[in-house]
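Working notes, structure below.
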C-alpha cells in the first residue's frame, strides 16, 4: 500500500505573504470602490473651493462671475414673469373673447328678431337694415369680419371681395339700404322678403 501524500504545511511567513497579496487586489482597495457620483461630488467640492478662493486670487474674475450670475438671474426672473403674465393674460382674454362672442350671438339674434318684428309692422326699410346688421354680427362672431361701428355698409361689403358670390348677396342689402334708408323713401314687401330669403340662404 502506497504511503499517504504529505500535506504541505505553510510557514507563518508564507501565510503573511499570501494575505498581503490578497489584500493588494483591486476589490479590496478603497479607491477602486469610488463611483462616478463620488467623483462628481469631488469635482463640485474642488470647484467651490476654487470659487471660494477666487476673490483673493483673481478679484476681477470673481466680480465678473458675480455680476454675470446676477444678470443671468435677473433675465431668468424676467422671462418667467413674462411667461406667467402672458399665461394669465391669455386666460383672461379667452374668457373675455368668450363673453364677447356670446354678446355678439345675442346681438345677431336680437337684430334678426327685430327684423321680423319690423317686417310684420310693414316697416320694411328698417327690417332690411336689421337683417343686414344681424348678418354683420353673425360674421363677426364666426371671425369672418371684425365689427367696427365706424365702417360704412360699402366698407363691410369690401371685406368679402375674396368671395364674389357672398359679396353679390350682400350687395343686394347694401344697394337697398343706399336707395331707401339713405334715400328716405320706404322699401317694399317684395324687397324685404327677398332680403329675408337671402339672409336664410347665407346663414
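Any read-out appearing in this document is the output of simple, stated calculations on the displayed coordinates, not a laboratory observation. In this text the structure is predicted, and so the values were computed from the model without any measurement. Methodologically, a virtual Cβ is constructed for each residue, glycine included, from the backbone with ideal geometry; neighbour enumeration extends over all protein chains shown.
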Worksheet entry | Length gained when the stretch residue 81-residue 172 is fully extended (0.36 nm per residue, less Cα-Cα span) | 27.5 nm
Worksheet, complete the sentence: Per-residue Cβ contact counts at 10 Å, fewest first, order 130, 195 as 130, 195
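Just want the ordering: 201, 171, 18, from fewest to most Cβ atoms lying within 10 Å of their own Cβ.
On the way: 201 8, 171 14, 18 11.
In order of increasing Cβ crowding within 10 Å: 201, 18, 171.
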Worksheet item: Which three lengths, in whole Å and largest first, does the stretch 104-202 cover when its Cα atoms are put on their principal axes?
Response: 33, 26, 26
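Once fully extended, how much extra length lies between residue 65 and residue 21, figured as 0.36 nm per residue of separation less the alpha-carbon to alpha-carbon distance?
Numbers: separation 44, 0.36 × 44 = 15.84 nm, distance 5.08 nm.
This chain segment gains 10.8 nm when fully extended.
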Worksheet item: If packing is taken as the mean number of other Cβ atoms within 10 Å per residue, what is the order of 172-183, 71-82, highest first?
Response: 172-183, 71-82
